[in-house]
Structures are given as structure tokens and as C-alpha cells.
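**Q** Before I ask anything, here is the structure I am working with.
The values are calculated or read from the model by the stated rules, or taken from the named source; none is laboratory data. Here the structure is a predicted model, which is why all the values come from computation and not from measurement. Note that we place each Cβ from the backbone using ideal geometry, even for glycine, and neighbour counts take in every protein chain shown. For the accessible areas, the whole protein counts, side chains as well, though only heavy atoms, and no ligand, DNA or RNA atoms are used. Shrake-Rupley method; radii C 1.70, N 1.55, O 1.52, S 1.80 Å.
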Amino acid sequence: MSNNLSASNGPGRPKDLAKRQAILDAAKILFVSNGYANTSMDAVAAEAGVSKLTVYSHFNDKETLFSAAVAAKCEEQLPTLFFELPDGVSVETVLLNIARGFHQLINSDESVNLHRLMISLGSQDPKLSLIFFEAGPNRMLTGMERLLGRINQNGALSIDKPRNAAEHFFCLLKGAGNFRLLYGCGEPVVGDAAESHVREVVELFMRAYRPEIVGA
């Protein structure tokens with residue numbers, strides 16, 4: 001597939017990076033507000049204040065731009081660094097940081113609107129749904145899978161199926177609250193309630209994968 005960020009690698013000068021960011025910001029706004037089919041590269045260029053040629057110099061086509069915009073939104077809340085296991089930092093702290101970032105991401109207006117858009121488009125354009133899944137949810141699942149594999153190796157938790165565990169972790173964080181939000185019959189969980197939910201999920205997750213003590 002051509003929908004990866006390598007396709008957008010170009011000059012690294014500050015001016016070029018600023019234009020690339022402006023294009024991504026414009027794309028995130030227009031894809032969510034107008035939908036995929038009704039968002040043109042011309043419209044993105046106008047919104048970003050750059051030429052259409054500049055848009056194409058950073059992103060080969062609309063699919064590549066859409067993929068990069070989704071990945072950029074995820075990166076804002078869950079940078080790749082979040083899925084590392086630094087020396088001297090407890091597993092609980094690492095999981096809490098990921099949980100807070102993910103919970104904030106899925107409850108943001110941009111994320112909610114984008115998910116609603118993808119649900120409506122899914123049956124019409126499965127290829128577009130796959131682009132979204134690879135750039136967003138799958139990217140986070142893969143990062144979490146690798147992290148949980150390392151946690152299993154160091155013995156902090158016993159996780160023989162890291163991919164399954166990663167899916168469990170994120171699904172627990174979504175919970176019923178995110179479903180209500182997506183359906184339009186609930187409000188985002190924020191503040192103390194959000195922190196309480198995140199801590200409860202991390203505690204439950206760690207208890208579920210706590211290593212068994214032989215002879216206990």
C-alpha cells in the first residue's frame with residue numbers, strides 16, 4: 001500500500017516542515033467536516049494556504065494524505081515514545097501514561113467525528129476503511145503488542161499473547177462510555193472520572209496478567 005508516511009518524506013527545512021504541518025492540519029479539518037469524497041486536494045491547499053503543487057510534493061495522492069492525517073492525530077496523543085519501557089520506570093507508570101493518552105484521544109471531538117465518518121463510509125469503500133485502520137488503530141495495537149512482549153520477557157507480567165492483550169487493554173479503556181459518546185447519547189468522561197477509569201483499567205489489566213507464584 002502507498003498509504004505510509006515514507007511517501008511524504010521530503011525536504012527537512014523548517015519552512016517545508018511548517019507547510020507539511022499546515023497541510024495535515026487542513027486535511028484533518030476538511031476530512032472530518034466534509035467527508036473523504038468531498039475533500040479535494042485543491043480544497044486542502046486552499047485551507048492550508050499553499051499551492052496544490054506543494055500539497056502533492058509532500059503527499060502523492062489523497063489516500064496518502066488521509067493516512068498521514070490519521071497517523072498525525074494518533075501521534076499527537078500517543079507518540080511512539082509512549083510504547084517504550086525506560087529503565088527505572090515502573091510498568092504501571094508506562095501503562096497509565098498510555099491509557100491516559102489513548103483515553104483522551106478517543107474522547108476528542110476529532111476522533112469521535114472521524115470514527116462516525118468511517119462507520120458511514122465503511123460499507124461504501126472498504127479500502128478507505130483499511131487505510132484508516134492501518135494508520136490509526138493498527139498502529140497503536142502494534143506498538144502496544146511490542147511493548148507487552150518486552151514486558152512479558154522481563155517477567156513483570158505474564159503475557160503469552162501480546163496482541164490479544166493489547167486489544168483487551170484498549171477495549172477496556174473504551175468501555176461503555178465511548179460507545180455512548182459515539183452514539184450521541186453520552187458526554188466525554190473527563191477530569192477525576194477519567195483518571196479513576198484509567199486507573200481502574202490498568203489495575204484490572206495488571207491483575208489479569210500478574211505472574212503466578214509457584215508454590216503459593
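**Q** What angle do you read, to the nearest 10 degrees and between 0 and 90, between the alpha-carbon axis of helix 62-77 and the longest principal axis of the chain?
**A** It is inclined by approximately 40 degrees.
**Q** Would you list 163, 116, 207 from the most to the least accessible area, probe 1.4 Å? Working shown, then result.
**A** Details: 163 65, 116 95, 207 120 Å².
If we order 163, 116, 207 from most to least accessible, we get 207, 116, 163.
**Q** Compute the Rg to Rh ratio over the stretch 135-179 from the alpha carbon atoms, using the Kirkwood formula for Rh, and round to two decimal places.
**A** Ratio value, two decimals: 1.03.
**Q** Next question, about the same structure. Give me the distance between the Cα centres of the stretch 57-118 and the stretch 144-216, rounded to whole Å.
**A** Centre-to-centre distance over Cα atoms comes out at 16 Å.
**Q** Per the 1.4 Å probe, what fraction of the accessible area of the chain, in percent, lies on carbon and sulfur atoms?
**A** Carbon-and-sulfur percentage of accessible area, whole number: 54.
**Q** Out of the GluC sites (Glu not before Pro) in the stretch 9-110, which ones are loop residues according to DSSP with at most 14 other C-beta atoms within 10 Å? Could the numbers behind the result be given before it?
**A** Working: sites: 47, 63, 75, 76, 84, 92, 110; in loops: 84.
Listed in order of number, the matching sites are 84.
**Q** Taking a 1.4 Å probe, which of 29, 98, 119 shows the most accessible area, and what order do the others take after it? Mind showing how you got there, number by number?
**A** Numbers: 29 90, 98 0, 119 125 Å².
Largest accessible area first, the list is 119, 29, 98.
**Q** Compute the Rg/Rh shape ratio of the stretch 16-62: radius of gyration over Kirkwood radius, all on alpha-carbon atoms.
**A** 0.92
**Q** Where does each of 206, 140 land when they are ordered by accessible area, with a 1.4 Å probe and the largest first?
**A** Result, largest first: 206, 140.
**Q** Per residue, how much accessible area does the stretch 45-203 have with a 1.4 Å probe, in Å²?
**A** 50 Å²
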